[in-house]
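The values are calculated or read from the model by the stated rules, or taken from the named source; none is laboratory data. In this text, all values refer to a predicted model and were calculated from it rather than measured experimentally. Cβ placement follows ideal geometry from the backbone for every residue including glycine, while neighbour counts extend to all protein chains displayed. Side chains included, ligands, DNA and RNA excluded: accessible areas come from the protein's heavy atoms. Shrake-Rupley method; radii C 1.70, N 1.55, O 1.52, S 1.80 Å.
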Amino acid sequence: MPQITVLLPVYNCELYVQTAVQSILNQTYTDFEFLIIDDASTDATVALIKKLEDSRIQLIEKPINSGYTNSLNYGLQMAKGKYIARMDGDDISFPERFSKQIAYLETHPDVVVCGTTYKIIGNDKLIALPENHEAIKLGLLWGNCISHPSVMIRKKILDEYSIQYNTSKEPAEDYDMWVRLLSVGKLHNLQEVLLEYRLYGNQVSRKRAEDQKKNDVLAKFKMLQYLNIEWDSLEYEFLERNFRKTDLINFKDLKIFKQIQNKLAVANSSGFFESKSFSLYLADLESDVLRKCFLKETRYTPLMYLEYLFAKYRWKVKLTVKQEIKLAVKSLVLWKTLRVKS
């Protein structure tokens with residue numbers, strides 16, 4: 001029985017698949033089986049994989065294209081390893097990735113997912129991710145902060161709790177899984193770059209940006225379910241708009257936001273989130289809401305500054321000093337200048 005099952009779904013990735021597969025075969029830790037599941041590719045992907053001779057490779061050719069998440073779940077069913085190591089057909093794993101992840105998981109039995117930080121291919125900038133479980137929990141309130149192709153997952157936990165990928169959540173199926181796994185163990189990100197991630201224009205997540213946005217919102221609501229809060233219709237609608245990130249917030253929303261902020265603070269008395277860090281999250285959330293409300297408009301009037309002052313003294317919310325001055329200039333000085341010109 002191999003220690004690791006490497007799970008690599010592929011579909012029409014002939015340009016990069018050999019490099020991706022070879023980066024796994026070059027791992028310094030060698031005790032793994034390598035499941036490559038082809039989703040009925042129409043290019044040379046399969047032919048290129050077959051050129052790579054290694055007894056650890058098991059190539060499964062699906063006769064009909066049934067989707068990326070379906071391939072992942074099929075691989076989970078076939079996997080024999082103690083750990084599941086994910087990989088994508090256009091990324092590159094560093095040679096010591098597996099040895100460092102398995103060393104961490106073997107010495108931290110309470111950790112169920114171990115990811116790593118990564119860099120974008122062709123870009124020297126490193127992608128910083130939260131390291132420990134508490135920081136990752138808070139990070140998941142803002143968005144997905146675990147790199148899917150970098151993870152190693154404890155297979156026993158998936159089997160024990162009958163956890164697999166939710167096909168309806170694609171292309172945010174990984175975000176949904178991390179949120180569900182919070183209830184059964186800890187998540188961790190090694191603070192070392194062990195994966196190079198390829199970013200290009202025709203990726204599935206970009207083609208299905210609207211689906212991803214919708215499923216990201218659902219994942220954030222699932223995170224808040226850990227606090228056992230019941231939202232009324234106005235609160236839910238506000239949170240949904242705020243989670244989408246693209247929708248503007250107006251002055252009338254601030255009262256609803258304060259209700260939500262207070263509910264969150266009270267609900268976390270259960271201690272699900274570390275108290276001090278969660279207070280900082282609520283403060284950051286307030287700053288984000290105020291910025292959207294007062295600093296993202298295309299036209300400003302003196303009324304906007306008066307509304308801000310009302311909110312500041314009525315609901316105890318406030319911009320930074322710099323932001324407050326910026327709002328005053330836009331609302332009073334620029335507005336007057338525009339009126340004179342017109």
In the chain, what percentage of the DSSP-assigned beta bridges are antiparallel, given to the nearest 5? 25
Which lysines have a Cα lying under 25 Å from the Cα of Lys156, excluding residues fewer than 8 positions away in the same chain? Lys80, Lys82, Lys100, Lys137, Lys169, Lys186, Lys222
Just reorder Val10, Val329 by solvent-accessible area, largest first, 1.4 Å probe, all chains present. Val329, Val10
Over the chain, what portion of Cα pair distances is larger than 40 Å, expressed as a whole percent? 25
With the contact rule set at Cα under 8 Å and sequence spacing of 6 or more, what percent relative contact order holds for the stretch 16-150? 28
With the dipole of the chain worked out from charges on the C-beta (+1 for Lys and Arg, -1 for Asp and Glu) around the Cα centre, which of Ser287, Phe221, Asn65 lies farthest toward the positive end? Ser287
With the dipole of the chain worked out from charges on the C-beta (+1 for Lys and Arg, -1 for Asp and Glu) around the Cα centre, which of Tyr300, Phe34, Pro149 lies farthest toward the positive end? Tyr300
Can you give the accessible area of Val112, probe radius 1.4 Å, in Å² rounded to 10? 0
Work out the P(r) tail for the stretch 26-150: percent of alpha carbon pairs separated by more than 18 Å, whole number. 63
How high is the relative contact order of the chain, in percent, counting Cα pairs under 8 Å that sit 6 or more residues apart? 15
Relative to the present Cα-Cα distance, how much length would full extension add between Arg56 and Ala128 at 0.36 nm per residue of separation? 22.7 nm
The alpha-carbon center of the stretch 137-172 and that of the stretch 204-276 are separated, in whole Å, by 20
Within the stretch 209-244, whose backbone N sits under 20 Å from a point 7 Å along Cα→Cβ of Trp315? 230-244
Expected unfolding gain across Phe272-Glu96 under the 0.36 nm per residue rule, minus the alpha-carbon gap, is 59.9 nm
Per residue, in Å², the accessible surface of the chain once ligands and nucleic acids are set aside, probe 1.4 Å: 50
Checked the stretch 212-342 against the a/c 1.5 cut and the a/b vs b/c comparison, axes a ≥ b ≥ c from its Cα gyration tensor; verdict prolate
If you find the alpha carbon centre of the stretch 23-97 and of the stretch 287-301, how far apart are they in angstrom? 47
Using label points projected 7 Å from each Cα along Cα→Cβ, tell me how many nm separate Lys214 and Tyr104, to one decimal. 3.4
Mean 1/r over all different Cα pairs, inverted: what Kirkwood radius does the stretch 111-202 give, in Å? 13.8
Quote the convex hull volume per residue of the stretch 187-284, based on C-alpha atoms, as a whole number of Å³. 146
For the chain, what is the calculated [θ] at 222 nm in deg cm²/dmol (nearest 500), taking -39500 (n - 2.57) for each run of four or more DSSP H residues and dividing by its residue count? -13500 deg cm²/dmol
Cα convex hull of the stretch 7-60, projected area averaged across orientations, nm²: 3.3
What is the percent carbon and sulfur in the accessible area of the chain, measuring with a 1.4 Å probe over the protein chains and ignoring ligands? 53
Evaluate the charge dipole of the stretch 228-283 about its Cα centre and quote only its size in Debye, nearest 20, assuming +1 on the Cβ of each Lys and Arg and -1 on the Cβ of each Asp and Glu. 220
